[in-house]
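Colleague: Here it is, the structure, as structure tokens.
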Amino acid sequence: MLKTFVAVTTMFACGAVYADGPPAAASMSAPASASGSGNSGKYGIGKPIDNAALARWNIDVSPDGHGLPAGSGTVAAGAHVFAAKCAMCHGKGGEGGIGDPLVGGAGTLTSATPKKTVGSYWPYATTLFDYIRRAMPYNAPESLSADEVYSVSAWLLYMNGIVPEHTTLDAKTLPRVRMPNREGFIPDPRPGAL
């Protein structure tokens with residue numbers, strides 16, 4: 001009874017409106033149907049999402065590089081992109097400002113004052129790409145092209161001493177970059193965990 005009350009209360013509080021009243025209590029625990037279109041679900045709200053609409057949001061990149069887009073970037077190009085779109089928050093050399101420091105910190109993770117940066121903390125270079133692509137720059141997330149994200153990633157990895165100055169990164173080379181803290185994380189043994 002309480003479960004039904006909470007579900008019904010939540011639905012009305014969240015603005016769910018039904019033309020012919022709320023669904024019967026028995027249907028509250030049944031999963032919505034995904035077989036039709038429009039408002040065909042048991043609750044009379046929502047609709048299935050099509051692959052074209054989902055593709056824009058399906059931009060995750062896994063540690064092994066699955067999901068990396070076409071494109072490439074160099075350290076030199078990354079220096080220019082970083083100066084134009086990142087330095088205002090992260091400092092001219094990635095040392096930090098109003099945004100976190102991205103460079104330095106090697107050997108500090110076990111100290112009393114660890115400095116968590118791209119070079120000291122991040123376990124995979126592909127995770128760096130994924131984060132920049134999704135969340136940066138702070139004032140315009142997802143606005144960088146794939147080439148710009150590869151370039152900024154290359155520059156940050158170079159500034160942390162992880163790749164040489166003339167590195168070009170792409171979907172094949174980025175997953176091969178070995179981050180200094182790759183073994184610093186404990187795998188999650190739970191079923192279904194990433």
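Values quoted throughout were computed directly from the atomic coordinates according to the rules given, and no laboratory measurement underlies them. Bear in mind that the values here come from a model prediction, so they are computed numbers and not experimental data. No Cβ is skipped: glycine too gets one built from the backbone with ideal geometry, and neighbour counts run over all protein chains shown.
Colleague: What is the Å³ per residue value for the convex hull set by the Cα atoms of segment 72-184?
Modeller: Output value, Cα hull per residue: 88 Å³.
Colleague: Using a 10 Å cut-off around each Cβ, can you sort Ser145, Ser120 from fewest to most neighbouring Cβ atoms?
Modeller: Fewest-to-most ranking of Ser145, Ser120: Ser145, Ser120.
Colleague: Among Glu183, Glu148, Glu95, which comes first, second and so on when ranked by fewest other beta-carbon atoms within 10 Å?
Modeller: Glu183, Glu95, Glu148
Colleague: Calculate, for Ile49 and Lys172, the FRET efficiency according to 1/(1 + (r/R0)^6) with r their C-beta to C-beta distance and R0 35 Å; round to the nearest 0.05. Display every interim value, and only then the final one.
Modeller: Numbers: r = 31 Å, r/R0 = 0.89.
FRET efficiency, Ile49 to Lys172: 0.65.
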